[in-house]
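Peer 1: Got a structure for you, questions after.
The numbers here are math on the coordinates, done by the rules we state, and not lab data. No experiment lies behind these values; they were computed from the predicted model shown. We place every Cβ from the backbone using ideal geometry, glycine too, and count neighbours over all the protein chains shown.
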């Protein structure tokens with residue numbers, strides 16, 4: 001289901017400069033003299049980095065919205081079904097197509113099941129306790145992997161880049177959005193971050209191989225493209241026989257696990273990795289059915305979420321090549337170049353694909369930030385060397401200026417997302433408390449089906465159903481335990497994105513609640529079927545403002561500007577209606 005929301009800091013003599021005492025103070029000291037810069041390469045430094053990052057990831061776990069309906073229907077819904085026996089099944093999970101890996105879901109189920117047994121209550125619902133508990137787990141894993149990257153920078157005597165990377169990661173709007181998303185792209189991001197750290201440390205070939213294998217086989221198979229530079233690095237720096245054995249064992253065991261779990265849950269011999277590649281890469285399917293974008297898409301969306309960090313990262317290759325040519329320590333410089341390189345190949349590859357989604361870029365967010373940090377450090381060095389005096393102050397000034405700009409823009413971007421587009425999450429949160437929602441009940445949704453956050457927001461004794469609307473594509477079906485559950489797919493599920501009458505609720509009069517948008521004061525958009533609207537049948541239970549993208553200026557939709565955005569934006573209302581009958 002697819003529907004989107006509208007280096008080494010070196011002195012002139014070529015020696016490595018580990019000269020940062022703390023992020024705001026870039027002060028040179030002798031290499032032989034222990035400094036606070038070396039903190040990042042210690043256990044204490046690792047703990048510090050993880051703590052700083054975990055604070056931001058915790059905020060993301062609590063407040064981040066769901067940015068893509070794929071996250072809801074392809075991942076949260078199958079997990080909900082395995083936990084509670086109810087959930088939506090997309091065509092990709094139909095045994096006829098078997099495009100999605102159940103091993104990926106089971107990895108998360110292992111943690112979600114104990115959470116469900118603990119009975120943690122959030123908003124009056126134990127199911128929400130599982131939802132937000134899993135998000136906290138995602139945030140912790142992200143903080144640990146990013147902290148390991150920062151540790152690797154400190155350990156490899158790249159403290160200036162380490163401090164800059166830590167600060168940019170902690171304040172990045174892109175990392176706020178991606179780090180707690182239940183998506184294979186985010187899962188792959190975690191493992192690529194670990195692989196990047198392994199490359200920086202220079203003697204972690206087995207870790208790099210296993211991490212890339214996990215990203216590709218357990219996460220998202222297309223990320224094999226991004227793994228190519230690391231494969232070249234392993235071949236160039238490691239023992240071929242040992243590297244091959246690690247690759248065979250790690251990839252083989254993961255493929256075997258995927259085959260076993262897919263075959264069990266689909267009820268036939270199946271390997272989702274092969275099915276996925278066959279559909280998306282080898283031409284048996286057509287991902288362009290779900291929308292195409294032009295070649296500027298990722299640059300435009302990258303500027304939205306990563307702001308100045310994206311163009312700074314694109315400058316890094318030139319600086320890295322120059323450093324590689326003139327560095328006295330070519331191996332260290334080469335490791336750093338290799339560590340940053342997957343992003344450029346990945347961005348080129350996904351730009352060439354006609355179907356584009358912002359979440360495809362998540363995979364290399366940490367590498368983009370790492371390269372941007374390198375650029376900032378090098379620009380600070382260049383400015384300091386050209387000036388010839390007040391060098392430490394100038395380095396600190398360049399870093400502080402870059403951090404201030406990216407932090408302000410990131411805060412503005414996250415603020416815009418939460419201010420403009422969180423109404424649907426709040427509406428469904430109002431339904432989630434069983435004590436306040438009469439049960440049993442039937443929650444109905446039409447054109448806003450793609451905004452449904454997941455069945456974790458619906459009480460266990462209530463049902464979620466689709467009613468006819470202006471949407472003319474295929475919708476998910478409910479997993480049917482009586483017919484085999486994951487081993488059965490509804491007859492109308494198809495890979496041509498064609499709607500069928502069976503995907504809609506047959507008796508719409510049974511709807512207890514209706515979730516919809518008010519357009520210009522009316523209940524439903526003009527194109528949407530209005531059979532449900534009967535005067536005096538519905539009363540408003542709750543309504544919240546929601547930005548009308550088509551009528552609002554792009555700048556104010558993308559960024560939140562206090563005291564200005566509210567005046568420039570046009571709002572609809574996201575409404576929860578309750579039946580009077």
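Peer 1: Quick one: if you stick a label point 7 Å off each Cα along the C-beta vector at residue 351 and residue 385, how many nm between them?
Peer 2: 2.8
Peer 1: By counting other Cβ atoms within 10 Å of each Cβ, how are 200, 345 ranked from fewest to most?
Peer 2: The most exposed by this proxy come first: 345, 200.
Peer 1: Please report 346, 91, 419 as a ranked list, fewest other C-beta atoms within 10 angstrom at the top and most at the bottom.
Peer 2: The order, fewest Cβ neighbours first, is 419, 91, 346.
Peer 1: Take the alpha carbon gyration tensor of segment 56-118, find the square roots of its eigenvalues, order them as a ≥ b ≥ c, and report rounded if a/c is under 1.5; if not, report prolate when a/b exceeds b/c, else oblate.
Peer 2: Because a/c hits 1.5 or more and a/b fails to exceed b/c, segment 56-118 counts as oblate.
Peer 1: Please state the relative contact order of segment 421-579 as a whole percent: Cα pairs under 8 Å, 6+ residues apart?
Peer 2: Computed value for segment 421-579: 26 percent relative contact order.
Peer 1: Relative to the present Cα-Cα distance, how much length would full extension add between residue 498 and residue 393 at 0.36 nm per residue of separation?
Peer 2: 31.6 nm
Peer 1: Within 10 Å, count the other beta carbons around each residue, average over each peptide in 400-407, 303-310, and list them highest first.
Peer 2: Top to bottom by mean Cβ count within 10 Å: 303-310, 400-407.
Peer 1: OK, next. Scaled to the compact-protein estimate 2.2 N^0.38 Å, what is the alpha-carbon radius of gyration of segment 240-391, rounded to two decimal places?
Peer 2: Its radius of gyration relative to the 2.2 N^0.38 Å reference: 1.41.
Peer 1: Among 336-343, 382-389, 213-220, what's the highest-first ranking by average C-beta atoms within 10 angstrom per residue?
Peer 2: Per-residue Cβ counts within 10 Å, averaged per peptide and sorted highest first, yield 336-343, 213-220, 382-389.
Peer 1: With the Cα gyration tensor of segment 206-329 in hand, convert its eigenvalues to equivalent ellipsoid semi-axes via √(5λ) and list them largest first in whole Å.
Peer 2: 32, 26, 11
Peer 1: Moving on to the next point. Apply the Kirkwood formula to segment 421-579: the hydrodynamic radius equals the inverse of the mean of 1/r over all pairs of different alpha-carbon atoms; give it in Å with one decimal.
Peer 2: Over segment 421-579, the inverse of the mean reciprocal pair distance is 17.2 Å.
Peer 1: Give the shape of segment 411-511 as rounded, prolate or oblate, defined through the alpha-carbon gyration tensor: a ≥ b ≥ c are the square roots of its eigenvalues, a/c under 1.5 means rounded, and otherwise the shape is prolate if a/b is larger than b/c and oblate if not.
Peer 2: Oblate.
Peer 1: Using only alpha carbon pairs under 8 Å that are at least six residues apart, calculate the relative contact order of segment 160-224 and give it in whole percent.
Peer 2: That works out to 27 percent.
Peer 1: Another question about this same structure. Mind ordering 131-144, 225-238 by average Cβ neighbours within 10 Å, highest first?
Peer 2: 131-144, 225-238
Peer 1: As a test of understanding, state the convex hull volume per residue of the chain from its alpha carbons, in Å³.
Peer 2: 154
Peer 1: Got a sec? How would 448, 77 order by Cβ neighbour count within 10 Å, fewest to most?
Peer 2: The most exposed by this proxy come first: 448, 77.
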